[in-house]
Amino acid sequence: MAASKALNSPPGATIQIVKWKVKVGSKVDPGSVLMTYKIDGQTETMKLKSAQTGTVIQLCRKESEKVPPR
């Protein structure tokens with residue numbers, strides 16, 4: 001299952017995963033919150049939502065992990 005569109009973050013920004021709201025095997029629909037995250041250097045927590053219906057097959061990163069830009 002593909003995740004949502006791009007994260008709502010400035011180009012080149014590192015994000016930190018705050019909390020996964022799903023687990024492997026979870027069924028999701030469009031609009032389901034997959035995780036909350038913060039942009040490095042900011043305090044606001046944002047939500048990544050699913051754009052599709054499907055089943056979560058893998059969580060590629062751990063909570064609290066910082067994810068650099070591609």
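The values are calculated or read from the model by the stated rules, or taken from the named source; none is laboratory data. Remember, it's a predicted structure, so these values are computed and weren't measured experimentally. These area figures cover heavy atoms from the full protein model, side chains too; ligands, DNA and RNA do not enter into them. Shrake-Rupley method; radii C 1.70, N 1.55, O 1.52, S 1.80 Å.
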| task | Enter the accessible area per residue of the chain (Å², integer; probe 1.4 Å; all protein chains in place). | result | 70
| field | aspartates and glutamates whose Cα lies under 15 Å from that of LYS23, excluding same-chain neighbours fewer than 8 positions away | value | GLU63
| said: What does the extension gain come out to for VAL22 and VAL67, with contour length at 0.36 nm per residue minus their alpha carbon separation? | reply: 14.4 nm
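Average the reciprocal distances over every distinct pair of alpha-carbons in the chain, invert the result, and give the Kirkwood radius in Å.
Working: mean 1/r = 0.0808 Å⁻¹.
When all Cα pairs of the chain are included, the Kirkwood radius is 12.4 Å.
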